Every structure is written in C-alpha cells, then in structure tokens.
Amino acid sequence: MVNFVVLCGGTGSRLWPKSREKLPKQFLKMTNEKTMLQNTLLRILTILQKIESNSIIKNDITKDKIIIICNKDHSHIVELQVSELQLSLNVLIIGEPKGRDSAPAICIASLIDDEDQHTLIMPCDHILEDDKFVHSYLETVPYMETSIVTFGIKPTHIETGYGYIKTNEKLITEEFIEKPNYENAKKFFEDPNFLWNAGIFAFKNKNMITCFKKYCPDILENCISTLKNSHTNLNIIHLSENPFADCRSISIDYSIMEPLCKDNEIDIQKVTIPYNFHWNDLGSFSAVFEECEKNNDNNVLKGDILTLQTNDCYIEGEERLITAINVNNLIIIDTKDALLVCNKTSSQNVKQIVDILKQNKREEVVFHKKVFRPWGWFKNIEGLDNGGDGFKVKRIAVYPGKRLSLQSHNFRTEHWVIVKGKAKVSLDNEDFYLEQDQSIYIPLKALHRIENIGEELLEFTETQIGNYLGEDDIVRYEDDFGRL
C-alpha cells in the first residue's frame, strides 16, 4: 500500500491577483480545464494504474490512500474539487489550523498510518510528464526499506529560483543547497551532479520518524500530541490548534534533509532519483506562460482580448474587453477588483506588491469578489463605506441541504430577497419559508440563519446597512462546520 500525500498549503502570492489567501493558486485553473490540485490527483491516479499493472509491485489500489494536507479554511474547497473528479479512491483531508511549512505537515503524514507504510510526498502545483514520472517512482522500490528518497530535476537553464541537490554517480544524495546566486547557479548548471530540488520525497514512515526523532524531536512530540487531540468528521481530520501551532515553521529541507546528508552515523541512506523530462513549478506568471498555448505572436491570451503589434505577453481578463497595442513581454492580469501590469522578467517580484497590500490591510490580498464558504459562496456586488453610514450588496448562493451558521450582527441590519430556490429562515426563534421574489428583514442583533431546503442552488441578495460592514461582524451560536 502507498500513501500519496499532497501538500496543498501556501497562498501563491506571486500569482496575485488570481491567487489569494482564501482561494489560492492550487484551487485555480491555471493551465487547463482542471485546477492544480485536480491535475495532481489525476497524476496520482495514473501512478496507481501503472503500479497495478507493473509486476515489480504487488499492489491493491483499493487500499491506497490519498492524503491532502491543507489549511483548515480550505478543507471544504478541497472536498468539493475532489468530488468533481468522481474518483473511486480513498481520500483523507487533513486541515491545519495554521501553516507551519512542510516539516510539520510531513511529520503528521508519517504518523497517520503504520510505520511500514510507503509514503510519497508531492506538491500540488507542479507540472510533470505523468507517464515518465511513474518510471522514476518505480525506481524508488529497491531503496524504500532503508532510505529517504528524493527526486531531482535535470536543469534546463541557469536558475536562481530553485533549490538544488548534489548527488554522485551512485545516486547518493550528498547535499541540499538553498537558492543560489547567479554565479553558483551557473556552476551547478554545468555540473551533471547538481539537480533541481523537486520537493518530492518517498520513504517508509519508520525512516522519516527516525529522522524526526534525531533532528526535530520537538516537532515530532507536538505532532504526536496534535493527532491525539484532533477530531475527525467523515473524511476530514481537523488538527488540534494546540500544540500544532507550537511547531516550528520550517521546511523539510532545512529540518531533515540537510542534517541527514551530513550525518554519517545514522543508519538511513540518502538517495536521489533523477527525473530528466519536462517539469515546471508553477510559482509565477512567467512559469504559467511557459505552460500555456501561444498564438502566432507568442502571446497567451485568456478572455476578451484584442492585440496589435504585441508580442510575448501573458494577458488574462475576467469580464471586460482588454486591448494592447505595441507592447512586449508584459503580464497583464485583470480581475473584478484588481489589475496587475508587470514585465514578465519581474514576475517573481509580485510578492513584494502583496507584502505592501498586507501592510495596508487590503482585502484584495485575502478575498476574491467571489468568496467560497463550506455552505456555498457569495459575491460582493456593490458597496459604500461613508464614514459610519454605509451599505453593501451581496449575491449569496447556498448548496442544497446546507445552511449558514446561527448568528447575529452588532453593527448592521440586512434585507434578504430570494432570487432562486427555496429557503427556510430562522429569525429570533420563528421560522419563515420563502421562495423566489419573497423577502425578509434582519434587524440589528437579531438571531438568524438561512437554510436551503430545495434540490437546487438557493440564491438571494443581501443588502447590508450599518456603521461597520466587515466580514468579522458575526457572532456565531451554532455552526455545522465547527467555526464557533
């Protein structure tokens, strides 16, 4: 059996304004009709099918498990995107209360099942040739009993944005190296013993746990205690905030792989399997540009786009017409509430803009205009904050059988108008049943909730009026999704 662990955290800040904290890049359709997460899950399905037909490994696909580790606020999005693929596979979702980088996540994954379980760690935002990668994965089989196996990518150009792995002709991992300067990157590119670090690892759980015992016993102790205090709801494990939040925020490279490579006393081998085919880490718009189909002017155009004398550009819009004349090598991303224009060579610097927006506490870093919730989604249509006397209009949709929390507001009143579907509204201990074109008024501090009692999507408009209209003006009393 194999546990396929998909690391699905992060905010993808270099892909802003498409990627945001509440809906980051891994849940977006960046290169095709599937999201990054869905493409990774389909890759795992390919691996399983190849393993099942390979005589080297005797494997029962029904006993394999896909473990997706994500931020707890994204667990409902993961659940939805998994269900859209309709995979007949065993999927477990682990929700982290706080992002602590890859080391605690991989430690948790190592503790989930038996110590002799095989585990493959995969990022959710990489492009690989799936059939070719399967062959590389099968090469790990002879090493799994005694080794931590990592995967190295043969460099195709001088690159300072990736970490490197130094190996020898016997595939022994000699050193993990963080992102180098240009001079060192040039040396690494010319030396066949240096490979890009793909962030993909294969091991038996017992070997990884041994490494944590020696190099990071504090993280191991916190993770063991976290699992003891966590609770499971169907296929989702909600990790306990304490003591998980006490784990050091550190990558698996720094915490485990670097000291392991320097340790000649530990009885665990270090092996790197080379993958010499197409690979891309979709961490910036320039990387996405490389993966997308281009027109005759070498442009990637998504949306209603008109160009004249324009070359080598990535232009994407959501609603309105975008025109470009006599420009080259630009990234133009137009969303409903933010516009990005930058030189393609500066796409790594988008994160600096995001950092400034965070300092200014701008909501555009956190939310899209369409915000997903466990019960459905909402869109901010219009609003005006007029120094204490403002309004906001939302379009809200609730999935069949779902309901919002029982809640009240201290600073706003609300007026709901049903646009589609059937609703049950509880208002101060009285129930009201509403259909299309019917409405209800929610007074200040009134106890209320809405539920979709129909078989189709429930949609309604919500008009808020008050002296504060922030999303945090919610007092919850009951909630089906544990958000009290």
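The values are calculated or read from the model by the stated rules, or taken from the named source; none is laboratory data. Everything numeric here is computed off the predicted structure, so don't read it as measured data. So basically every Cβ, Gly included, is an ideal-geometry build from the backbone, and we count neighbours across all protein chains shown.
Here is how the numbers come out for the structure above:
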{"item": "Residues of the stretch 343-371 that turn out to be buried (at least 18 other Cβ atoms within 10 Å of the Cβ) and over 29 Å from E382 (Cβ atoms), as a count", "result": "1"}
{"item": "Filter result (outside any helix (DSSP H, G or I) and at pLDDT 95 or above) within the stretch 345-364", "result": "N360"}
{"item": "Residue check for T150: in the same structural domain as F203 (by TED's automatic domain parsing) and crowded, with 22+ Cβ neighbours inside 10 Å", "result": "yes"}
{"item": "Flag for I224 being surrounded by 18 or more Cβ atoms within 10 Å (Cβ to Cβ) and either out of contact with any helix residue (DSSP H, G or I) (no Cβ under 9 Å at 6 or more places or on another chain) or closer than 19 Å to T119 by Cβ (or both)", "result": "no"}
{"item": "Considering residues of the stretch 234-267 that are acidic (D, E) and over 13 Å from L220 (Cα atoms) only, the residue surrounded by the most Cβ atoms within 10 Å (Cβ to Cβ)", "result": "D253"}
{"item": "Breaking point among (1) surrounded by 14 or more Cβ atoms within 10 Å (Cβ to Cβ); (2) over 31 Å from the mean Cα position of the chain (by Cα); (3) under 27 Å from L80 (Cα atoms); (4) not aromatic (F, W, Y), for E435", "result": "(1)"}
{"item": "Filtered residue count, the stretch 17-29, keeping only those that are closer than 20 Å to H76 by Cα, in contact (Cβ under 8 Å) with a residue 40 or more places away in the chain and not in a strand (DSSP E or B)", "result": "7"}
{"item": "Residue in the stretch 152-161 that is touching a Gly at 6+ places or on another chain (Cβ under 8 Å) and either at pLDDT below 90 or at positive phi (or both) present", "result": "yes"}
{"item": "Residue match in the stretch 194-203 (condition: under 27 Å from the mean Cα position of the chain (by Cα), part of a helix (DSSP H, G or I) and crowded, with 16+ Cβ neighbours inside 10 Å)", "result": "no"}
{"item": "Condition broken by V327, with the remaining ones in (1) over 23 Å from K29 (Cα atoms); (2) in contact with an Asp or Glu (Cβ under 6 Å, 6 or more places away or on another chain); (3) aliphatic (A, V, I, L, M) satisfied", "result": "(2)"}
{"item": "Matching entry among T226, T232, T323 (being assigned to a strand (DSSP E or B), hydroxyl-bearing (S, T, Y) and modelled with pLDDT of 95 or more)", "result": "T323"}
{"item": "Residue that is nearest to L282 (Cα to Cα), among those in the stretch 315-374 that are of a type in the set (G, A, S) and touching a helix residue (DSSP H, G or I) at 6+ places or on another chain (Cβ under 8 Å)", "result": "S347"}
{"item": "Failed item in (1) closer than 19 Å to K34 by Cβ; (2) crowded, with 20+ Cβ neighbours inside 10 Å; (3) at pLDDT 95 or above, with I305 passing the rest", "result": "(1)"}
{"item": "Selection count, the stretch 5-18, where residues are surrounded by 24 or more Cβ atoms within 10 Å (Cβ to Cβ) and farther than 11 Å from D125 by Cα", "result": "3"}
{"item": "Among the candidates K402, K420, K424, residue that is basic (K, R) and farther than 21 Å from D479 by Cα", "result": "K420"}
{"item": "Test: residue in the stretch 464-472 that is under 26 Å from H76 (Cβ atoms), more than 29 Å from the chain's Cα centre (by Cα) and surrounded by 15 or more Cβ atoms within 10 Å (Cβ to Cβ)", "result": "yes"}
{"item": "Condition met for E33 (within 26 Å of L234 (Cβ to Cβ), at pLDDT 90 or above and either within 12 Å of the chain's Cα centre (by Cα) or not hydroxyl-bearing (S, T, Y) (or both))", "result": "no"}
{"item": "Test: residue in the stretch 200-212 that is closer than 12 Å to T150 by Cα and among the polar types (S, T, N, Q)", "result": "no"}
{"item": "Cβ pairs under 6 Å, 6+ apart, first in the stretch 136-164 and touching a residue at least 12 places away in the same chain (Cβ under 8 Å), second among the acidic types (D, E) and surrounded by 18 or more Cβ atoms within 10 Å (Cβ to Cβ)", "result": "none"}
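Here is a yes/no grid of residues against (1) at pLDDT 90 or above; (2) more than 14 Å from K204 (Cβ to Cβ):
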{"residue": "R100", "(1), (2)": "yes, yes"}
{"residue": "A109", "(1), (2)": "yes, no"}
{"residue": "D113", "(1), (2)": "yes, no"}
{"residue": "T119", "(1), (2)": "yes, no"}
{"residue": "M122", "(1), (2)": "yes, yes"}
{"residue": "D130", "(1), (2)": "no, yes"}
{"residue": "Y137", "(1), (2)": "yes, yes"}
{"residue": "P142", "(1), (2)": "yes, no"}
{"residue": "E145", "(1), (2)": "yes, no"}
